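**Q** My questions will all concern the structure given below.
The values are calculated or read from the model by the stated rules, or taken from the named source; none is laboratory data. Note that the structure is predicted; figures quoted are calculated from it, not measured. Counting neighbours? That spans all protein chains shown, and the Cβs are built from the backbone with ideal geometry, glycine included.
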Amino acid sequence: MEIAFYEVEDWERERLRSELPGHDLRFYRESLTVANASLAATAEVVSVFIRSQVDAQVLAQLPRLRLLATRSTGYDHVDLPACVEKGVAVSNVPFYGENTVAEHTFGLILALSRNLLKAYVRTSRGDFDLAGLEGFDIKGKTLGVVGAGSIGLHVIRIAKGFGMQVLAYDVRENHLLAEVLAFQYLPLEELFARSDVVTLHTPYLPATHHLVDREALAKFKRGALLINTARGGLVDTDALIWALDEGILAGAGLDVLEGEEVVREDRELLLQPQAEDKLRMVLRRHILLQRDKVVITPHIAFYSREALERIEDTTAANIRAFLAGQPQNLVAVPPAAGRAA
């Protein structure tokens, strides 16, 4: 069977070949788009990562597609109703980087609390002056975790190891876990008002778009830090810049940025529709990059070798299970999904 993989690095190819022997595997470095979908026109299985925007137009170029295997936990880059309408099942990787993302979250917190980026830039120029580099202890501070799912719970465990007090918000509360891990559930507004650091670990959905907007930021404890390793669209970038200007936020650690899924390199803009809106996104990004109270990483919270290997292994297992007629980890299930080849 022909299986096409988009957004694949060189090292992944041999691992996938060993996990899926006997199949015709095709590998492409670029994201899946309308322009290059014809490369996979004869594939029955296509696998993508988060930069591929899979909508009805892309699906129309894939007439034989039966399974779309996204190598991610989130699937907001996939039009699930369009997949179901076309009879395409969609699988994801529900668990792979919980500890990985949680560790990166604390890397951003420590970078801000101890002025690591500012100190590095200064000392790299041979300047060892301590002025403006005073940090603060996170022991005893209050961490607000928005989204106490699998990643959020890892963050809470690490926070307790640092001696932090932890508050959490989640649409589904697990009070047994709260008792075992010694954290407290609160309404979102109260969490914002009481937290020294707020970290986001909730999925991006229409209901969570701009979850942190100007109105929400106005409720933050003055001088708090905001950390986002989830999805860029959770935070209104204009409101974030305003909160930094007003001193409501003392800093922000961002592994994701609003609009990153459509704006990756500035030179791509002229080739894209609605370039004016995307130029505004780039301008906002540059404004944030110029702030020494903002630490930005390029969506690498998940990006450890161990997590990547777990992604590949689970994706291959999803494909094998689907082809065997026993599909697993499906997030979109059309009629007759998993019919054996």
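**Q** Would you check which residues across segment 234-248 are touching a residue at least 40 places away in the same chain (Cβ under 8 Å) and either assigned to a strand (DSSP E or B) or out of contact with any strand residue (DSSP E or B) (no Cβ under 8 Å at 6 or more places or on another chain) (or both) and list them?
**A** Across segment 234-248, the qualifying residues are THR237, ASP238, ILE241.
**Q** Does LEU68 qualify as being within 24 Å of the chain's Cα centre (by Cα) and within 26 Å of GLU2 (Cα to Cα)?
**A** So LEU68 fits the description; yes.
**Q** For segment 18-44, which residues satisfy the criterion of being surrounded by 14 or more Cβ atoms within 10 Å (Cβ to Cβ) and within 27 Å of ARG305 (Cα to Cα)?
**A** GLU19, LEU20, HIS23, LEU25, ARG26, PHE27, TYR28, SER31, LEU32, THR33
**Q** Hey, which of the strands (runs of 3 or more DSSP E) in segment 75-187, taking only ones fully inside, have at least 1 residues that are within 30 Å of ALA316 (Cβ to Cβ) and touching a strand residue (DSSP E or B) at 6+ places or on another chain (Cβ under 9 Å)?
**A** Result: 89-91.
**Q** Here's something else I'd like to know. Hey, any hits in segment 222-236 for a residue that's over 21 Å from ARG285 (Cβ atoms) and surrounded by 20 or more Cβ atoms within 10 Å (Cβ to Cβ)?
**A** yes
**Q** With the structure loaded, tell me whether GLN53 is at pLDDT below 95 and of a type in the set (S, T, N, Q) or whether it fails that test.
**A** So GLN53 fits the description; yes.
**Q** I'd like to check something: does segment 272-291 contain any residue that is hydrophobic (A, V, I, L, M, F, W, C), closer than 23 Å to SER113 by Cβ, at pLDDT below 95 and not in a helix (DSSP H, G or I)?
**A** no
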